[in-house]
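Below: one structure, written as structure tokens.
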Amino acid sequence: MASQMSGFVPSEPGQSGTGDPGAGGEPRGVYIHFPYCLQKCPYCDFVSYATERAEVPHERYADAVIAEMEQRRNELVGKRVASVFFGGGTPSLWKAEELGRVLHHLRQMACFEANVEITAEANPSSLDEAKARSLKGVGVNRLSIGVQGLRRERLEFLGRLHDETGGLHAVKEALASGMERVSADVIYGVAGGAAQTVEDAASEVSRVVDTGITHVSAYALTIEPSTVFGELARKNALPMLAEDQLADMFLAVRDALETRGFVHYEVSNYARAGHESRHNLGYWRGLDYVGLGCAAYGTVSTGDGNARRYRNKTDPEKYIRAALTGPSTEGHAEALTAETRLRERIMLGLRLAEGLDLSAAADALGVPAWTNERRRAADKLVRKGWLSISAGRLSVPPKAWLFADGTAAELF
Ligand code: SF4
């Protein structure tokens, strides 16, 4: 979820970092997970728990995340931060002052770049203009809103709490608040409720961007095994679209957005120039990120091309207790070798229109770029038209983007 920004400043003069533009190393992202939602959507495999509005532990959860920051001082103090992303779950459910308290503590510890991107995910059922203004007031400069669809039957099928007007209303409220940047998530390829046509998919995404937002994430509905939809699919009880219908929708959505001046910069992401998600670009370009909060993942370089990946406890109460009393919030951790990291760079880099400079990535990690096997696989993919190599950059041509993950796997 990174900007290649130059220069950074301590966000709280005299308090955060050193203020030395040469300090802090490579920029990194910080991801903060908020695991509560008002309802569990049947397709969702994120760590999120349906919680009554009144039951959300606003202050305790903020205390826990702040306590975890203290446990992770080595990964934060004086480090350059290019982006912060509050994801979930539904971070817009969190009291803005508590989210702001977490952000303030982070600002004091780390060196925020001058144009740091600070995103909060929001759902239409917990976002209005006043909430957006409060989030802006505590430093959030980008909202990512889960619109998902504009047809009541399909939203019901997806288990969403808002109706056909709710998504666009939330986007307009966010824009009215003066929020610097607004993005929306849209799901296409929905066969249940009222089966979606190719024209529906293109028209819905067009209506969403015609509000004036500058970024949209358009995802095909995927069926994850551990979800309610996964269970229904195993019983052949879930309406699904055929692969070729999904491919047609992908292309129709792409055409509609490109006609409106959006750049298709990642398989599922479109932006007006300069409005790409810096946080997600950081993931796709292989930057380190520190994860905070229940169930958050983090990946931090440990030298010689290696890294450490961890995941925090996935039960909110266990996470909160571990954060407040120590010694560690982690439920799992593993070492990543430079070879593994290069394979991840290939997998993620080939999802981007800009592709990946394989030699530069390999050099940075201290491993060879071109094994004989990888060279043979690349030649074959180029002959099939599934891979382009230009000036050392590997990329997947747009017509083959639907198969980008398979193409990357051939290069492992
Ligand atoms: S609102 Fe988002 S995070 Fe929460 S259950 Fe639905 S899809 Fe998952």
Carbon and sulfur: what percent of the chain's accessible surface (1.4 Å probe)?
50
Pick out, from Ser277, Val186, Pro42, the residue whose Cα sits farthest towards the positive end of the charge dipole of the chain, with +1 on the Cβ of Lys and Arg and -1 on the Cβ of Asp and Glu.
Ser277
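Once you charge only the Cβ atoms, +1 for Lys and Arg and -1 for Asp and Glu, what is the size of the charge dipole of the chain about its Cα centre, to the nearest 20 debye?
On the way: 47 positive and 53 negative charges, 113 e Å.
About 540 debye.
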Post the alpha-carbon centroid distance, the range 61-99 to the range 219-297, in whole angstrom.
25
Distance check, please: which entries in Lys95/Lys235; Lys79/Lys313; Lys172/Lys318; Lys40/Lys79; Lys313/Lys399 exceed 29 angstrom between their Cα atoms?
Lys95/Lys235; Lys172/Lys318; Lys40/Lys79; Lys313/Lys399
Put a dot 7 Å past each Cα toward the Cβ at Leu161 and Glu55; how far apart are the dots in nm?
1.3
The answer for the chain, accessible area per residue at 1.4 Å probe in Å², is 42
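Quick one: which of 257-266, 164-173 comes out on top by average Cβ neighbours within 10 Å, and what's the full order, highest first? Could you put the intermediate results ahead of the total?
Numbers: 257-266: 16.7, 164-173: 19.8.
My ranking of the peptides, most packed first, is 164-173, 257-266.
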Pop a pseudo-label 7 angstrom from the Cα along the beta-carbon direction at both Ser328 and Ala114 and give the gap in nm to one decimal.
3.9
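Please give the length that would be gained between Asp379 and Arg343 if that part of the chain were fully extended, namely 0.36 nm times their separation in residues minus their C-alpha to C-alpha distance (nm, one decimal).
Details: separation 36, 0.36 × 36 = 12.96 nm, distance 1.76 nm.
Result: 11.2 nm gained on full extension.
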Exposure rank, largest accessible area first [Arg151, Arg142; 1.4 Å]:
Arg151, Arg142
Provide the solvent-accessible area of Ser217, counting protein heavy atoms only and rolling a 1.4 Å probe, rounded to the nearest 10 Å².
10
What is the log10 of I(q)/I(0) for the range 113-216, computed with the Debye formula using one identical point scatterer on each Cα and no solvent, at q = 0.21 Å⁻¹?
-1.00
Using 0.36 nm per residue, how much length does the chain from Ala353 to Asp210 gain when fully extended, once their Cα-Cα distance is taken away?
49.1 nm
Run the numbers on the range 28-283 and let me know its relative contact order in percent, using alpha-carbon pairs under 8 Å that are six or more apart.
18
Just for the Cα atoms in the range 203-243, what are the lengths along the principal axes, largest first, rounded to whole Å?
42, 19, 15
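Calculated from DSSP H runs of 4 or more alone, at -39500 (n - 2.57) each and per residue, what is the 222 nm mean residue ellipticity of the chain, nearest 500? Don't skip to the answer; put the middle values down first.
Numbers: 15 runs with 151 residues, N = 412.
Result for the chain, helices only: -11000 deg cm²/dmol.
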Rough spin-label spacing in nm, given labels placed 7 Å along Cα→Cβ, for Lys172 and Arg393
3.9
Checked against the positive end of the charge dipole of the range 165-295 (+1 on Cβ of Lys and Arg, -1 on Cβ of Asp and Glu, about the Cα centre), the farthest of Val263, Ala218, Tyr289 is Tyr289
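Assuming R0 = 41 Å, what is the FRET efficiency of Glu70 and Ala335, from their Cβ-Cβ distance, to the nearest 0.05?
Working: r = 24 Å, r/R0 = 0.59.
About 0.95, to the nearest 0.05.
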Just the Cα atoms of the chain: what Rg and Dmax do they give in Å?
21.2, 61
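The values are calculated or read from the model by the stated rules, or taken from the named source; none is laboratory data. If you're wondering where the values come from, they're calculated on a predicted model, not measured in any experiment. FYI the Cβ positions are ideal-geometry reconstructions off the backbone, even for glycines, and counts take in every protein chain you see. The protein model used for the area step is the full one, side chains on, heavy atoms only, and it has no ligands, DNA or RNA in it. Shrake-Rupley method; radii C 1.70, N 1.55, O 1.52, S 1.80 Å.
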